[in-house]
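Only one structure is covered here, and it is reproduced in the block below.
The values are calculated or read from the model by the stated rules, or taken from the named source; none is laboratory data. Since this is a predicted model, take the numbers as computed values, not measurements. Cβ sites come from the backbone with ideal geometry, for glycine too, and all protein chains shown count toward neighbours.
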Amino acid sequence: MSRRRRIYEGKAKIIYEGPEPGTLVQFFKDDATAFNAQKHEVVDGKGVLNNRICEYIFQRLNGIGIPTHFIRRLNMREQLIKEVEIVPLEVVVRNIAAGSLCKRLGVEEGTVLPRSIIEFYYKNDELGDPLVSEEHITAFGWATPPEIDDMMALAIRINDFLSGLFMGVGIQLVDFKIECGRLYENEMMRIVLADEISPDSCRLWDVKTKEKMDKDRFREDLGGMLENYREVAKRLGIMNENEPARTGGPVLVKSD
Ligand code: TMP
């Protein structure tokens, strides 16, 4: 069997060429990295969980008309995606102060923000993904003003939907990061959601206990990363290795 071509390898995923033109295969690794890969560990089974969680979220987003690169999950670690041209920006949406926002602006972690805040970071490992303004983005040609508008609209719709989805299962969506791609179809180009959404790229806090259920468990050496990712999957009603498949969808957690 001939080996398929590896197009790109990132810190947590590998992109292979797909079975037909215009498609790619996205492989989820078990590697966990933080602080621009200065901290690195292999967390057995993380890739499998993230593949499932990402599949579920992208399907739900596709279901409400949010365009994504996702086609279908292929197996435990891989999904078939549409080939897009990645916009070299990380788009972060914040609802509650945490992480770099607290460090940069001296806001206390957990402060509810007066409104959701969108930030852009330039994707460049050598520079450590610096925060950039729309001025930088347009001046350096990383995206056009209409593309910035599209990315912001996409980010806000995703935030609204996912905040509700997670709240329904007792999880607060503190912040998250997305990446967007340019999808070329029938001489048309549109901005779609690419990359992944998973506990690696979100901050998720248990509503009642405020327990962290995301990659901060690894970043902050809290332990129990996989257990928490599994709990996120379980609450969303997604099958995992230790649990038979459920068909019922998210488990509603009643607040008292
Ligand atoms: P930050 O507070 O470190 O800037 O992170 C904001 C959000 O973006 C948080 O949900 C984690 C996510 N994120 C990534 O997905 N990849 C990254 O490289 C970084 C720095 C953050």
(message) Looking at Leu183, Leu173, can you tell me which residue is more than 16 Å from the ligand (Cβ to nearest atom), closer than 28 Å to Ile64 by Cα and among the aliphatic types (A, V, I, L, M)?
(response) Leu183
(message) Given the criteria within 16 Å of the ligand (Cβ to nearest atom), part of a helix (DSSP H, G or I) and of a type in the set (Gly, Ala, Ser), does Ser116 qualify?
(response) no
(message) List pairs: first residue in the range 100-125 and within 16 Å of Ala155 (Cβ to Cβ), second residue hydroxyl-bearing (Ser, Thr, Tyr) and within 9 Å of the ligand (Cβ to nearest atom) anywhere in the structure, Cβ distance under 8 angstrom, at least six positions apart or on different chains.
(response) none
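For the range 124-210, list the strands (runs of 3 or more DSSP E) that sit wholly inside it and hold at least 1 residues that are among the hydroxyl-bearing types (Ser, Thr, Tyr), at pLDDT 95 or above and surrounded by fewer than 21 Cβ atoms within 10 Å (Cβ to Cβ); which are they? Before the answer, list the steps.
Values: elements: 171-185, 188-194, 202-206.
Because the criterion is at least 1 residues that are among the hydroxyl-bearing types (Ser, Thr, Tyr), at pLDDT 95 or above and surrounded by fewer than 21 Cβ atoms within 10 Å (Cβ to Cβ), the strands (runs of 3 or more DSSP E) in the range 124-210 that meet it are 171-185.
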